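Single-structure report; data block below.
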Amino acid sequence: MRSRRLTSPVLVLVLGMTACATGTDGDSGGTPPAADRSLDAGAAQRAGAPPAEPPASVRLPSGTVVPVSPAGTTRNGLLDVPRDIAQAGWWPGGSKVGDPFGSTLLAGHVDAVDQGYGAFAELLEVRAGQRIRLRSRHLQQVFTVESRWLVPRDGLADADRIFSVRGARRLTLVTCAPPYVAGDGGYQNLAVVTAVAADDVHRRGRT
């Protein structure tokens, strides 16, 4: 099955991740993409804005709430997402909940032989206009899906937009996508969903 582009081009993907390969070395401790190593301190805060926080969960359009934890990179430079298919990994070099600019990058498995379909499998079918809610410990923000792309798994050039803390505030979700070729490292594509901020960040209620 091949996903269609939902809108005009808004990004060029250059991401590899352990979710899309078999037999990949999963040891963390690598470094962020060279394009953004100087930006690890994060985006500047607006005056009077609540302090930015790492994402703790993301609510997908179906209503599924996916726990989020920080994810490093492997020694091969791949994003080392959690092994649990019900969880997602956040790249700490990107933007946090509450940052006024840049991309918050989350990635998760589409499936696993021993676990079935992952929470991020629904990204293969999301539509423009659907809502996604990103939460941290004290904050939350709603995003509207703008585009969905299929890109080659090994497309590792021009990563600025997907990783960068610069530019418009956005949420970027990534998972593996067909076809699956067992003899060639597994899934051959990545599905990339970009969502733009639908409202300002605000503090969570008690529930």
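No value in this document is a laboratory result; all are computed from the given coordinates. Everything numeric here is computed off the predicted structure, so don't read it as measured data. Cβ coordinates were reconstructed from backbone atoms using ideal geometry, including for glycine residues, and neighbour counts include every protein chain displayed.
Using DSSP to define loop residues, name the trypsin sites (Lys or Arg not before Pro) in the stretch 49-89 whose beta-carbon has at most 16 other beta-carbon atoms within 10 Å. Don't skip to the answer; put the middle values down first.
Working: sites: Arg59, Arg75, Arg83; in loops: Arg75, Arg83.
Loop-located and lightly packed - Arg75, Arg83.
Based on the convex hull around the alpha carbon atoms, the stretch 77-204 presents an average projected area of 8.0 nm². With a simple spin-label model that places each label point 7 Å from the Cα along the Cα-to-Cβ direction, the separation between Arg137 and Ser69 comes to 1.7 nm. A simple spin-label model places the labels of Ala49 and Arg204 1.9 nm from each other, with each point 7 Å out along Cα-to-Cβ.
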